[in-house]
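What follows is a set of notes on a single structure, which appears directly below.
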């Protein structure tokens, strides 16, 4: 915070110095020195001084206009639910505690569609959206105050992109336009909007430090980096250019102190547009793939494996039966290009593949030993276990209303889809539908429920029967396996 104050003082001093120097230039000019021979009116002097600082006034006025235009489309988001315990002593445990988290979001469609970060609403049992006062006036609701609070429906939370889409029951809301993040330039002026540390309707200014920052060199995820002040609570808010168009969604800060240190990261607007369009048209987000895992080649890796190059992309694994395996790719291959475009790191490789639609073929040139080989590899839809489980569900037969889940009886087909399990019986959670009649750490998609209050369950019918004999006021303790570990999930009546 001291550094921040120092910077402000430094900027203020600079502006004052400029104004002072301009004043000296005007008052000590040859014309002024000969004032007895050519008198100049006080009004003329003031006019010259006003003109000298006019660019600063214009810049300030432009920023005010921009803030006023963008602000009404920025919302504050409150999520109530069970979140990981932040106690340092318990940071390596699975403890959850009930709490309220807050973040930001933007109105992306006038009929109540809002985009934010998935981590802002993660674990949320109740999600509410607070509109900016001006936006609330444009969407009056009976019985609501000017700072309208809306209950929001979580439509999609995509963990891969860390984006979530919410829907509120409102119309005629002010929206923000998404820019083309490919046009973003390093050094470009940007403003970050949101609710840092809970202070709603805040704005900070900075520049684009990098148009494609990759915090993890072995991850294809890229961000827009900015030095505009971003703090906890800014997540989900917009990073906008001087035209008021969204260039990114504020997502992360790299910090040692816990606060802003001048390194903020935002999800590029083109990724936001892609996710939003897919959800509106198809109801979910596509993640296509060719079925490989890869990493950047480093000098140490090249030395250990005896490679003849110290940069590039090494294929670590090829998933059996995936498109890459069927086409002939092998672990240890080095990727040279995609569709004749050279790729030198994971980011370039991922971006090159991202441009293909499902069903198209990518031409990969690879190096295997001393050979250079080309492969035609079809791009397929990537389905994780949760998506595959959801595809097997018949909603009416799978509903478990007390828990708010869709469930399937564990059988041989499901056993092959899931990681190795402790038991060969149980009920698989295929999806979440509602919040149910109980609150607490409920089961998640992919969990396998083995018992209810100590009573074993081996089918959807037996799970229903075990729940039906319990009174609504009773607590429910589920024994479930999650990611290879057994857990007791405690739920209590929602009073």
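Each of the peptides 231-239, 320-328, 409-417 was scored by the mean count of other Cβ atoms within 10 Å over its residues; in descending order, highest first, they stand as 231-239, 320-328, 409-417. Label-point separation (nm) for residue 340 and residue 280, each offset 7 Å from Cα along Cα-to-Cβ? Distance between the two pseudo-spin positions: 3.6 nm. Taking 1.567 mPa s as the viscosity and 4 °C as the temperature, the Stokes-Einstein diffusion coefficient of segment 288-381 based on its alpha-carbon Kirkwood radius rounds to 98 µm²/s.
Over segment 116-274, Cα pairs under 8 Å with separation of 6+ residues give a relative contact order of 20 percent. Each peptide in 300-312, 148-160 gets a packing score, the mean of other Cβ atoms within 10 Å over its residues, and the list from highest to lowest is 148-160, 300-312. Between residue 61 and residue 330, the simple spin-label model (points 7 angstrom out along Cα→Cβ) gives 7.1 nm. Between residue 358 and residue 422, full extension at 0.36 nm per residue minus the direct alpha carbon distance yields a gain of 19.4 nm. Oblate is the label for segment 217-375, because the ratio a/c of its alpha-carbon gyration tensor axes (a ≥ b ≥ c) is 1.5 or higher and a/b is not greater than b/c.
All of the numbers you see were taken from the coordinates with simple rules; none came from a lab. Because the structure is predicted, anything quoted here is derived from the model rather than measured. Please note: Cβ atoms are built from the backbone with ideal geometry, for glycine as well, and neighbour counts cover all protein chains shown.
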